Amino acid sequence: MSGTTTGEKVTFTLNGRQVTAEPGETVLSVARRLDVHIPTLCFHESVSSYGACRLCLVEVFWGKRSKLVTSCLYIPYPDDRIETDNARIHGVRKLVLELLLARSPHVEAIRELAREYCVEVPRFRPSAVTADATRCVLCDLCVRVCAEVVGQSAIGYAGRGSERVITVPFGEQAEECIGCGACVFICPTQALSYEDIAGQRLMKELNTSVPLVACRVCGEHFATEKQLAKLRERITMPDELVDVCPRCRGTEFTRVLDEALVTKPRV
Amino acid sequence: MITSPEQLAEYRAKCRSAQTLLRPRLLVGMATCGLASGAAKVFAALREEAALRGVDIDIVATGCKGACFLEPLIDAVIPGKARVTYAGVTVEDVPDLLDAVLAGAVYAKRALARETAECLLIEDCAEPYPADANLEGVPAYDAVPFFHGQLHLAMRNCGYLDPTSIDEYIARGGYAAAARALTTMTPEQIIEAIKTSGLRGRGGGGFPTGRKWESCRKAHGTPKYVVCNADEGDPGAYMDRSILESDPHSVLEGMIIGSFAVGANQGFIYVREEYPLAVERLRHAITQAEELGLLGTNIFDTGHDFTLRINRGAGAFVCGESTALMASLEGRVGEPRAKYIHTVESGLWGKPSCLNNVETWNNVPVVIQRGAEWFAGIGTEGSKGTKVFSLVGKVRHVGLVEVPMGMTLRAVIEGIGGGVPEGRQLKAIQTGGPSGGCIPAEYLDSPVDFESLSSLGSMMGSGGVIVMDDRTCMVDVARYFLAFLKDESCGKCVPCREGTGRMLDILTAICEGRGEPGDIEILRDLATVMSEASLCGLGTSAANPVLTTLQYFADEYQAHIADHTCPAKVCRALLRYSILTEACTGCAACAKVCPVNAISGERKSPHVIDETACIKCGQCYEICRFSAIEVA
């Protein structure tokens, strides 16, 4: 039975070393804890694992049999013998990177990873069928952060296979998008961006603009209305501090506190 | 309501006596293949003619017997006579056919075969057909090449009953297996029987069904679910559609048995929207089974509850993959996930789920009714029972063929299929759908079973068999399948999404004469990584069409790349049309038909083709009566 169902720690071999995984812990998590390098593109610790980029593949050996598994999802079984880098793994990562580099030649993160695996120029001819020099590698991080962290699920997919793209519903102004920018922050290839202009935050690739709010103290635009509404729902912060920008929040907090002390003196 | 095996037996007796033939009965094959061949018109004409004459005769729509190349098929059952199958019946045949049937005679013009014995799950369900001197000129079923050697277990009722009638299904022994399983066997005994039978998944993977059920039964978590995968999508494969259209209750019965065995109270049938008739028949069948208490609460008074729901797929090939299917069932995007934890432990909504293909579910009542040992006696060591194949392509008899596992490819293609059409040579057999491979003609004596096909680099898959002759270009075939897979890749994982596209680019270039010497190596590299690193079965097997054609037909790739020729003369960009001066009579037929005026010449003197203007449409080749057009 898998370590997932027994709820117990699992001891296995990682690159020849006896290591222990916490109940339900993935190989990638164990490796990161122990400073073993495994490249990833679609993984982020704040969201669930997706297993799409295939860069984190590692090889599991059971006796004479072995298999490549995605370390971001694979929860080790007792006595698994796992290698995180060898000729087979290297070959797979190299070609995956060659495919990614051909898709997104302008993305520095991809170029750097590719260089690490000695891929400079992809061997493929210009394509008639795959997406043309796009920055987006469909890693799904923006989709997951929007759904799992922000709780909005404003971003999803349209199309299938090589036609697949990240989008908001029908590609139009999305009511669900609160303009928080979490997707822009998490995107590993800078495929998403926003710009604050004329009191609006324009989520460029998502074709959506969200009104901005000015700080009650300094007057600078610092967040969107929807973002602040969400904050009010989710965190316990004195109401009068929510529409204050982070820079002014400290002094404003002291002022509010003082006022409170003045109006309600200690007996 | 039927609440016990005894009541079922009583009900069966009632259904049978209602059907005991007092008047002639005509069964018209009206599955999708029959309808496509004009069966609806024949059916309407028969009813109209019968009404006009005011005769007492049953005319009912039935399913498909598998002989799709002979549709429209009509079976005539006359009281006291043997059953006769008529093939290729047209509206014009209707008056004469009706005359013959009403006179108790045979309509010789369209008579195909006579039935001598039927394959039934319960022996006492049919009177043996009487010998009939009138029928001496009509061959017995087994004497017709297409039916010789076939064994219809999965297709046991296809073409024999009205698929909209649960009474007819019960009359032929239907639901008796469910009654036996639920009232006389424990779930463990059922699972043991399925294991002993050696039944393996018919949808493509070939996983042992009994083991799957056992894992699901033992898995922790409730509720549990059973699911029927009816998202058949391989190009050229349509056995599941035919079973659902012709015998929907057999699938329901299998699922009732399975639900009891694994401990599930809810089942789902995931069927593609492109099968409207199958959906209609299933929906109807479920309602009928509910009315009789065969679905619902406390089935056969055992305390077992089971309800079934139909979910229609929106046409994504990848949704035939178990995890993608379950995601789609849940209402999410139909894309697969890693299966490090199997769906029998964590499937639909994270609960233990047992998913089997249509044909697998349909086989379950056979195992229970006839016994596991009997079932295991059919087929080979590792592949038990029969398999339905859809035999299509360059073969004379196109249709659904059900044979014991282990029959040779030769017996299937040359015997049952009648071989390739006159004057052509068999070149390869593609099995297993897009994920399968092309087997060259020299392996024709290989048996058809899970292991043998895998060892040849192909696979059983869902049972598609596409026959290819010498006019088929194997590079073009690989290109075709890659184009299909590239369109059907969900796009989640990099190797499949990007790899299929790149492979298609290369194959297209080779077919268009832009192939380069390094292309084969890139194809092999891509194939390796796609098969090792893709997320689901679609990606891991997507390179198979390329790998098998490279393995067996490397010289064809070489001819395209090095010599810029297509040996099968299929890849248009590589063809050159010219006129043989000595053969040309100057009739100008070619010049007239050429859509781009690329052919010129004086009347009655040899013509010439302007190669720069020629679009290689081949019309001149088709029209020339003097074999003066040369294609190189």
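The values are calculated or read from the model by the stated rules, or taken from the named source; none is laboratory data. Everything numeric in this text was worked out from a predicted model, so none of it was measured. No Cβ is skipped: glycine too gets one built from the backbone with ideal geometry, and neighbour counts run over all protein chains shown. With ligands, DNA and RNA removed, areas are computed over all heavy atoms of the protein, side chains included. Shrake-Rupley method; radii C 1.70, N 1.55, O 1.52, S 1.80 Å.
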Under unit Cβ charges (Lys, Arg +1; Asp, Glu -1), what dipole magnitude, rounded to 20 debye, does the protein assembly as shown have relative to its Cα centre? 1020 debye
Of A:Ala31, A:Ala191, A:Ala229, the most mobile residue in a GNM of chain A (C-alpha springs, cutoff 10 Å) is A:Ala229
Near B:Lys592, which lysines are there with a Cα under 18 Å away, not counting those fewer than 8 places off in the same chain? B:Lys604, B:Lys616
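How much of the accessible area of chain B, probe 1.4 Å, is carbon plus sulfur, in whole percent? Write down the numbers at each step before the final one.
Values: 11950 of 23420 Å².
Answer for chain B is 51 percent, counting heavy atoms of protein chains only.
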Find the Rg to Rh ratio for segment B:452-522, where Rh is the Kirkwood radius over alpha-carbon pairs and Rg uses the same atoms. 1.00
Work through the residues other than B:Leu98 whose Cβ is under 14 Å from its Cβ and net out their charges, Lys, Arg +1 and Asp, Glu -1. -2
With a probe of 1.4 Å, find how much accessible area segment B:474-563 has per residue, and write the answer as a whole number in Å². 28 Å²
Label chain A by shape, choosing from rounded, prolate and oblate, from the square roots a ≥ b ≥ c of the eigenvalues of the Cα gyration tensor; if a/c is under 1.5 it is rounded, and otherwise prolate applies when a/b is larger than b/c, oblate when it is not. oblate
May I ask for the net charge around A:Arg255, where only other residues with Cβ less than 12 Å from the Cβ of A:Arg255 are counted and Lys, Arg are +1 while Asp, Glu are -1? -2
Just to be sure I understand the model, the point goes 7 Å from the Cα along the line to the Cβ. What's the resulting B:Asp487 to A:Thr11 distance in nm? 5.6 nm
Binned at 20 Å from zero, the C-alpha pair distances of the protein assembly as shown give percents of 13, 36, 33, 15, 3, 0, 0
Pop the C-beta distance of A:Asp239 and A:Ala87 into the FRET formula with R0 = 56 Å and round what comes out to the nearest 0.05. 0.40
Euclidean distance between Cα centres, segment B:41-100 to segment B:240-276, Å: 30 Å
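Quick check for you: with a 1.4 Å probe and neighbouring chains kept, what is the accessible area per residue of segment A:141-235, in Å²? Mind showing how you got there, number by number?
Numbers: 4690 Å² over 95 residues.
I get 49 Å² per residue for segment A:141-235.
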Residues B:Glu274 and A:Lys204, FRET efficiency given R0 of 41 Å [Cβ-Cβ distance, rounded to 0.05]: 0.60
Quick one: if you stick a label point 7 Å off each Cα along the C-beta vector at B:Gln425 and B:Arg283, how many nm between them? 5.2 nm
Relative contact order for chain B: what percent, with Cα pairs under 8 Å and sequence separation of 6 or more? 11 percent
So what's segment B:386-469 giving for Rg/Rh, alpha carbon basis, Kirkwood Rh from the mean inverse pair distance? 0.91
Taking the Cα centre of segment B:175-375 as origin, work out the dipole magnitude from +1 charges on Lys and Arg Cβ and -1 charges on Asp and Glu Cβ, in debye rounded to 20. 500 debye
Work out how much length B:Asp301 to B:Ile341 would gain on full extension: take 0.36 nm times their residue separation and subtract the Cα-Cα distance, in nm to one decimal. 10.9 nm
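Please state the shape class of segment B:175-375: rounded when a/c is under 1.5, otherwise prolate if a/b exceeds b/c and oblate if not, all from the C-alpha gyration tensor. Before the final figure, lay out each step's value.
Values: a/c = 1.39, a/b = 1.20, b/c = 1.16.
Taking the square roots of the gyration eigenvalues as a ≥ b ≥ c, segment B:175-375 is rounded.
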Hits among lysines - C-alpha to C-alpha of B:Lys384 under 20 Å, sequence gap 8 or more where chains match: B:Lys195, B:Lys212
Mind checking which helices in chain B clear 24 Å along their axis (Cα) and have mean Kyte-Doolittle hydropathy of -1.0 or more, DSSP H runs only? B:494-511
For the pairs B:Lys427/B:Lys569; A:Lys64/A:Lys94; B:Lys224/B:Lys492; B:Lys339/B:Lys492; B:Lys218/B:Lys387, flag any whose C-alpha to C-alpha distance is greater than 20 Å. A:Lys64/A:Lys94; B:Lys224/B:Lys492; B:Lys218/B:Lys387
Solvent-accessible heavy-atom area per residue, rounded to whole Å², over segment B:336-455 at 1.4 Å: 31 Å²
FRET efficiency estimate (nearest 0.05) - Cβ-Cβ, B:Thr90 to A:Glu163, R0 45 angstrom: 0.50
Taking all pairs of distinct alpha-carbon atoms in segment B:534-632, Kirkwood radius in angstrom: 15.7 Å
Listed residue (B:Leu102, B:Gly331, B:Leu153) projecting farthest to the positive dipole end of chain B, Cβ model: B:Gly331
Interface area, B with A, accessible, probe 1.4 Å, both sides summed, Å² nearest 100: 3300 Å²
Please work out the Cα center distance from segment B:133-154 to segment B:365-406, rounded to the nearest Å. 17 Å
If the elastic network links every pair of Cα atoms under 10 Å, which of A:Cys215, A:Cys136, A:Cys187 fluctuates the most in the Gaussian network model of chain A? A:Cys215
Can you show me the helix-derived [θ] at 222 nm for chain A, built from DSSP H runs with n ≥ 4 at -39,500 (n - 2.57) apiece and divided by the number of residues, rounded to the nearest 500. -8000 deg cm²/dmol
Whichever aspartates and glutamates have a C-alpha closer than 12 Å to that of B:Lys486, once near sequence neighbours (fewer than 8 apart) are set aside: A:Glu163, B:Glu498, B:Asp505
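If you put +1 on each Lys and Arg Cβ and -1 on each Asp and Glu Cβ, how big is the dipole of chain B around its Cα centre, in Debye rounded to 20?
520 debye
Could you tally the net charge around B:Ala428, taking each other residue with its Cβ under 14 Å from the Cβ of B:Ala428, Lys/Arg +1 and Asp/Glu -1?
Its environment carries a net charge of -1.
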Which residues, if any, in segment A:115-154 lose at least 50 square angstrom of accessible heavy-atom surface (probe 1.4 Å) when the other protein chains sit next to their chain rather than the chain being alone? A:Arg123, A:Phe124, A:Arg125, A:Val129, A:Thr130
What is chain B by shape, rounded, prolate or oblate, if you read a ≥ b ≥ c off the alpha carbon gyration tensor as root eigenvalues and call it rounded for a/c under 1.5, prolate for a/b larger than b/c, and oblate otherwise? oblate
Using label points projected 7 Å from each Cα along Cα→Cβ, tell me how many nm separate B:Leu444 and B:Lys109, to one decimal. 3.6 nm
So for chain A, taking the charge dipole from beta-carbon charges (+1 Lys/Arg, -1 Asp/Glu), which of A:Leu231, A:Leu73, A:Leu241 sits furthest toward the positive end? A:Leu73
Based on the mean of other Cβ atoms within 10 Å per residue, sort peptides B:555-567, B:593-605, B:474-486 so the most packed one is first. B:474-486, B:555-567, B:593-605
